[in-house]
Amino acid sequence: EGGLIAPMPGKVIDVKVKKGSKVKAGDTLVIIEAMKMEHAIKATETGKIAKVMIKLNDQVDNGATLLVLEK
């Protein structure tokens, strides 16, 4: 299991997956808005979403866990 973390503080403006979603490496999972720019958070490996730790419009800190991905 691996956690996908926020690379910067920002606001969650889109969550493209839910618990149980199957994803491939490179798939966009979450979009965070920071400094008026949108940043796509992508899957680092193929697997399944074990846990979604955030919801739409959440403010996240740098290093916050967004999702947990299991192989």
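The values are calculated or read from the model by the stated rules, or taken from the named source; none is laboratory data. Computed from a predicted structure; not experimentally measured. A quick note on method: Cβ atoms are made from the backbone with ideal geometry, for glycine too, and the neighbour counts reach across all protein chains shown.
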| field | Where a residue in the range 16-30 is on the phi > 0 side of the Ramachandran plot and its partner, wherever it lies, is assigned to a loop (DSSP other than H, G, I, E, B) and not basic (Lys, Arg), with Cβ under 8 Å and at least six apart | value | Gly26/Ala43
| What do you reckon, is Ala64 surrounded by 13 or more Cβ atoms within 10 Å (Cβ to Cβ) and at pLDDT 95 or above? | yes
| said: For the condition at pLDDT below 95, among the small types (Gly, Ala, Ser) and over 11 Å from the mean Cα position of the chain (by Cα), what is the one hit in Gly2, Gly26, Gly10? | reply: Gly2
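Filter the range 44-61 down to residues that are modelled with pLDDT of 95 or more and in a loop (DSSP other than H, G, I, E, B) and give me whichever is nearest to Gly10 (Cα to Cα). First the steps, then the outcome.
Within the range 44-61, the subset modelled with pLDDT of 95 or more is 46-61.
Within this subset, residues satisfying the condition of being in a loop (DSSP other than H, G, I, E, B) are 46, 53-58, 61.
Numbers: Thr46: 25, Met53: 15, Ile54: 12, Lys55: 13, Leu56: 12, Asn57: 9, Asp58: 8, Asp61: 7 Å.
Per the criteria, the residue is Asp61.
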| remark: Those residues of the range 22-43 which are assigned to a strand (DSSP E or B), out of contact with any Gly (no Cβ under 7 Å at 6 or more places or on another chain) and of a type in the set (Asp, Glu) amount to Glu38
